[in-house]
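One structure below.
Nothing in this text is a laboratory measurement; each read-out follows from the coordinates by a stated rule. Bear in mind the structure is a predicted one, so any value in this text is a computation, not a measurement. Because the Cβ atoms are built from the backbone with ideal geometry, glycine has one as well, and the counts that use them run over all protein chains shown.
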Amino acid sequence: MIAGHFGLAAGVKSGAPSAPLWALMLATQWLDAFFVPLFLLGIETIEPVDPANPAAYGGSVIHAVYTHSLVGALLLSVLAGLLAWSRWGNRVGGVIAAVAFSHWILDLVVHRPDLPILPGNAGGLPLLGLGLWRFPTASAIVELILVLGGAYLYHRRATRLPPAPGQDGREHRRRVVTASAVVTGLMLLSLVTSVLGI
Ligand SMILES: [Zn+2]
């Protein structure tokens, strides 16, 4: 799930306009931003469910035992919130922390049980994950709803903004439509590429 996370960020933007869209987008992928270097180092790994089809949409067990452990995700979300707070204050700090943690909640829905509670799966506690990825069509529909819902909220808010000083109404509308189309197009592209496994 990548597109769904971005959809959520676009939707949150409409309710927290002071948070920059780039920061919201980064916050939704914050846990994965830490996963990638650990993956490259071989500390966190991805195991295909069907080795013959390793790029299948949702067809992986992901051993992100530090970044996607419940406690690890909470700590990383607090870190994201503190960084945002130091720049943009209390409200944006809280929003960014919540959006960063939303990544874990959405992953909880789709992942097969592979999310530990403690970093490194210390103590061997039960692994979490509701496993919606077992049903790729249902997962893709949930992601599509997040993308379209987020795009709709983003666009609706953008159309209600007053034009910048010196900007006429038509120019303003053109910019709003362009921005919404770019945001929506990128989200749909990331959904299509992940469903197709490319
Ligand atoms: Zn993730």
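Here are the numbers:
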| read-out | value |
| --- | --- |
| Residue satisfying all of: in region 64-75; under 19 Å from THR45 (Cα atoms) and part of a helix (DSSP H, G or I); farthest from the ligand (Cβ to nearest atom) among these | VAL71 |
| Search result, residues across region 63-98 that are crowded, with 19+ Cβ neighbours inside 10 Å and either of a type in the set (D, E, K, R) or closer than 11 Å to LEU31 by Cβ (or both) | ALA64, TYR66, THR67, HIS68, SER69, GLY72, ALA73, LEU76, SER77, ALA80 |
| Pairs with Cβ under 8 Å, 6+ apart, first in region 24-44 and free of Cβ contacts under 8 Å to residues at least 24 places away in the same chain and assigned to a helix (DSSP H, G or I), second aromatic (Phe, Trp, Tyr) and within 13 Å of the ligand (Cβ to nearest atom) | MET25/PHE6 |
| Any hit, region 32-53, residues being within 25 Å of ILE198 (Cβ to Cβ), out of contact with any Cys (no Cβ under 9 Å at 6 or more places or on another chain), among the small types (Gly, Ala, Ser) and away from the ligand (no atom under 14 Å from the Cβ) | yes |
| Only one of GLY185, GLY120, GLY131 that is loosely packed, with under 13 Cβ neighbours inside 10 Å and closer than 19 Å to HIS68 by Cα | GLY120 |
| Every pair of residues 6+ apart whose Cβ atoms lie under 8 Å, when the first sits in region 160-175 and is in a loop (DSSP other than H, G, I, E, B) while the second is acidic (Asp, Glu) | PRO163/GLU171 |
| Residue tally, condition of a type in the set (A, V, I, L, M, F, W, C) and either outside any loop (DSSP other than H, G, I, E, B) or surrounded by 18 or more Cβ atoms within 10 Å (Cβ to Cβ) (or both), over region 51-62 | 2 |
| Residues of region 185-198 that turn out to be of a type outside the set (A, V, I, L, M) and without any contact (Cβ under 8 Å) to a residue 40 or more places away in the chain, as a count | 2 |
| Scope region 1-22; condition closer than 23 Å to TYR66 by Cα and either in contact with a Cys (Cβ under 8 Å, 6 or more places away or on another chain) or crowded, with 20+ Cβ neighbours inside 10 Å (or both); matching residues | MET1, ALA3, GLY4, HIS5, PHE6 |
